[in-house]
Number of protein chains: 2
Amino acid sequence: MIDRTTPPAGGLQWLDANGPHSDIVLSTRIRLARNLQGFRFGPRAQDSDRRAVLGAARDAAESASMLHEGDAYVIPALSSSARQLMLERHLVSRDLVGSDEGAPPSHSALLLAPRAELGLMVNEEDHLRLQGLLSGFRLRETWRMVDALDDELGERLRYAFHSEFGYLTSCPTNVGTGLRASVLMHLPGLVLTQEIGKVLQGIGQVGLTFRGLYGEGSEVVGNFFQLSNQTTLGKSEDDLIDHLQKIVEQVVQYEVQARAVLRRDAPAVMEDKVWRAYGLLRYAHAASFDEVMNLLSGVRLGISLKLLLKPSVYTLNQIMILSQPAHLEEMAGKSLTAAEMDIQRAMYVRAMLRADGDPASTEEMNDQG
Amino acid sequence: MIDRTTPPAGGLQWLDANGPHSDIVLSTRIRLARNLQGFRFGPRAQDSDRRAVLGAARDAAESASMLHEGDAYVIPALSSSARQLMLERHLVSRDLVGSDEGAPPSHSALLLAPRAELGLMVNEEDHLRLQGLLSGFRLRETWRMVDALDDELGERLRYAFHSEFGYLTSCPTNVGTGLRASVLMHLPGLVLTQEIGKVLQGIGQVGLTFRGLYGEGSEVVGNFFQLSNQTTLGKSEDDLIDHLQKIVEQVVQYEVQARAVLRRDAPAVMEDKVWRAYGLLRYAHAASFDEVMNLLSGVRLGISLKLLLKPSVYTLNQIMILSQPAHLEEMAGKSLTAAEMDIQRAMYVRAMLRADGDPASTEEMNDQG
């Protein structure tokens, strides 16, 4: 592995919007928590534990076929802005890079596979967090990838494992499989038809949980919901994933139905709503991130309903990531005040939409004829 | 004169935005109230009076150089939609055409000069209302035009005139000169800087009054204010007009200063505001008249501040008139429900803005380079 101090140029393949149901499920992520025998983990870990864990993890990765051609990002070696960029791209977690203010956690690192869809976070909440991230709704494919990496690393590292409880983790809620599978869903139909509350309640009753776009505690913005398993104990990995698969398929169907209802019962309102969202994104000269996310949600729905022919979903996905603060500062080549940030964001969004060309639907094209 | 039953194809010269200060003063209107000796006027007028007045007015117009090549619109001979169209174009008053529901007032008519900037309403509140309407801030020019028509008609008709009071009118507030001069001003700067209240208060103290775009009792929408003289008695016509001229010049200066303050103190906010207004007009698929007027106000301000290069002010002025209900129904070729009206309006506005081309400012053009 080669040590890097600047974020990967790519790492955004999961945005390419080519997976199944990609108009509703943006991406699939699976994460496995693992700890190493012989080292303290969680809050009790000392600097010496963390150093040793990173060394062991690097050694294992160097000889693992899935990682050895990849890159190593040792977090304390990165600039603050590089850490933010990687966080905004969902390559690392907030726990791995630490808060903006304080020093980054010692000996924390991301070991990233060449295609960036697979990675290993070291010295996060647990010693190791294996992470796979694919575009669209691809739970089983993501699981095979993460499972294969787990096998490779497991041959080289001694995982902390208890015959009764399973894999031991820093937080008890992860004990057992250590598995957290989640899908990022766009559910504007259920929000607009006000059925979302009922659906989320149902999700809770079947052992799943939901969060906003940026993980635990983050607000729901832009009608994005991350659905994931709540239980990690007492079921096999395959059972957990099959269960999530089944429930997400149901939610996809509910969302499809809700969109059909909107199209049937309020076509003019929907059309106006999605075009206004486009108009504001296309021409606003200052916009907060939350506003952009909410407007993008409208445009995304419009494309799914074929009311708009452009921009592409890939463009929308890119904007979602690249209109975040660290990315905007990188584009501007300097740090930005809050007001400058909103201006830079709007400028970037305008340029992206302009580059994608005329969004005119068939109806609009006929107007012009 | 030729009798017409369809509204004039033109009649919108006053929208051409070529007069002085046309970015602040849209148009200048002067109206003279006159009544004829020997006929009852006001509410006491009988059908026989009204018939005789129309006959006398037509005879006088036929031999008046300024009107004889024009057209006669006898209101009861017009369809309801034709009456509405003329009302929306500001060619006639609500009093002349009557309410939507009831029958139109008997023997009421508009005698319109060939260029439509000069007209004579017959059997409105008074027997005669001479009206001149020019684009921009042109009080003296408009007055010369109306005064000349008054002279021509006065040679042919016996006006009701009292040596002490002056011209007699149906409503005492018009007695004396019978003159009402008004300018239609766009004052977004004073509204945004919240100085408009003070300015309007000052206007009241110097004997002027203000109304919204559609005359007495109409709400202020789109930051349009009609300023006019309140007094018609005890001063000469020239004095009334000079006074209005002076006050409007002051208000123009206040508005210019307010816009300079906005540009200096909140350039980013202004830029965002005007571009958002453009974006919504350019892409909304349903919009009420009031919303369109308010958004047009933002775009108009943006053009004045050179933040937008397009659309033209003439286009904005056209939209102001043609996005009203009767005009939209004429375009659609059928009557429209309220919801259909909002859709038709948005479609028309989109087509107008699209036809005017890319509104990109210098800044935006550089973005593209």
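Values in this text are rule-based calculations from the coordinates and carry no lab data. The structure presented is a predicted model; accordingly, all values stated were derived computationally and were not measured. All Cβ positions, glycine included, derive from the backbone under ideal geometry; neighbour counts span all protein chains shown.
Note on region B:169-248 and region A:73-133: Cα centroid distance 67 Å, given to the nearest whole angstrom. If R0 is 41 Å, what FRET efficiency do you get for A:Ala77 and B:Ala339 from their C-beta distance, rounded to 0.05? In this case the efficiency is close to 0.10. Shown is the FRET efficiency for A:Ser163 and A:Gln253, computed with R0 = 35 Å from the Cβ-Cβ distance and rounded to the nearest 0.05: 0.30. Between copies, the label points at B:Ser79 (set 7 angstrom from Cα along Cα-to-Cβ) are spaced 7.0 nm, reported in nanometres from shortest to longest.
Mind checking the angle between helix A:289-304 and chain A's longest principal axis? C-alpha axes, 0 to 90 degrees, to the nearest 10. For helix A:289-304, the angle is close to 70 degrees.
In degrees between 0 and 90, to the nearest 10, how far off the longest principal axis of chain B does helix B:47-62 point, with axes built from Cα atoms? Compared with the principal axis, the helix lies near 70 degrees. Calculated FRET efficiency, B:Thr6 to B:His68, Cβ-Cβ distance, R0 = 22 Å: about 0.60 to the nearest 0.05. Expressed as a whole percent, the proportion of Cα-Cα pairs in region A:119-247 lying more than 20 Å apart is 49%. For the protein assembly as shown, a crude dipole built from +1 on the beta carbon of Lys and Arg and -1 on the beta carbon of Asp and Glu, taken about the Cα centre, is about 260 debye to the nearest 20.
Go through A:Ser288, A:Phe225, A:Val251 and say which Cα lies farthest out towards the positive end of the charge dipole of region A:209-288; charges sit on Cβ, +1 for Lys and Arg, -1 for Asp and Glu. About the Cα centre, the residue reaching furthest to the positive side is A:Ser288.
To the nearest whole percent, what portion of all C-alpha pairs in chain A is separated by more than 29 angstrom? I get 44 percent for the Cα pairs in chain A exceeding 29 Å. Counting Cβ atoms of other protein chains within 10 Å of each residue's Cβ and taking the mean over peptide A:272-283 gives 6. Residue by residue through B:38-50, how many Cβ atoms from other chains fall within 10 Å of the Cβ on average? Other-chain Cβ atoms within 10 Å of each residue's Cβ, averaged: 0.
Per-residue extension of 0.36 nm, minus the Cα-Cα distance of B:Ser106 and B:Met331, leaves a gain of 78.1 nm for this segment. Placing +1 on each Lys and Arg Cβ and -1 on each Asp and Glu Cβ, with no other charges, gives chain A a dipole about its Cα centre of roughly 160 debye. Using DSSP, restrict attention to beta bridges with both residues in the protein assembly as shown and report what percent are antiparallel, rounded to the nearest 5. Once the DSSP bridges in the protein assembly as shown are tallied, antiparallel ones form about 95 percent. For chain B, the longest principal axis of the Cα atoms and the long axis of helix B:196-205 meet at an angle of about 20 degrees. Taking every C-alpha pair closer than 8 Å and separated by at least 6 residues, the mean separation divided by the residue count of chain B gives a relative contact order of 18 percent.
For the protein assembly as shown, the residue among A:Leu111, A:Gln318, A:Leu87 whose Cα projects farthest onto the positive side of the dipole built from Cβ charges is A:Leu87. Radius of gyration over Kirkwood radius for region B:136-188, both on Cα atoms: the Rg/Rh ratio is 1.07. Taken along its three principal axes, the alpha carbon spread of region A:244-369 comes to 48, 47, 20 Å, from the longest extent down to the shortest. In this rough spin-label picture, where each label sits 7 Å from Cα along the Cβ direction, the B:Arg144-B:Ser236 distance is 1.7 nm.
Taking the label point 7 Å along Cα→Cβ, A:Glu249 and its counterparts in the other copies are spaced 8.1 nm apart, in ascending order.
Distance to the B-onto-A rotation axis is smallest for one chain B Cβ; residue and value in angstrom are B:Gly279, 2. Note that the protein assembly as shown, at 10 °C in a medium of 1.306 mPa s, gets a Stokes-Einstein diffusion coefficient of 52 µm²/s from its Kirkwood radius over C-alpha pairs.
Considering only A:Ser163, A:Gln205, A:Leu149, the residue lying farthest towards the positive end of the dipole of region A:130-211 is A:Gln205, judged by Cα position with unit charges set on Cβ. Partner aspartates and glutamates whose Cα lies under 20 Å from the Cα of B:Lys310, excluding those fewer than 8 positions away in the same chain, are identified as A:Asp358, B:Asp16, B:Asp23, B:Glu271, B:Asp272, B:Glu291, B:Asp356, B:Asp358, B:Glu363, B:Glu364, B:Asp367.
Copy-to-copy label distances for B:Lys334, where each label lies 7 Å from Cα along Cα-to-Cβ, are 5.8 nm in order of increasing length. Dividing the Cα radius of gyration of region B:2-181 by 2.2 N^0.38 Å, with N the residue count, gives 0.98.
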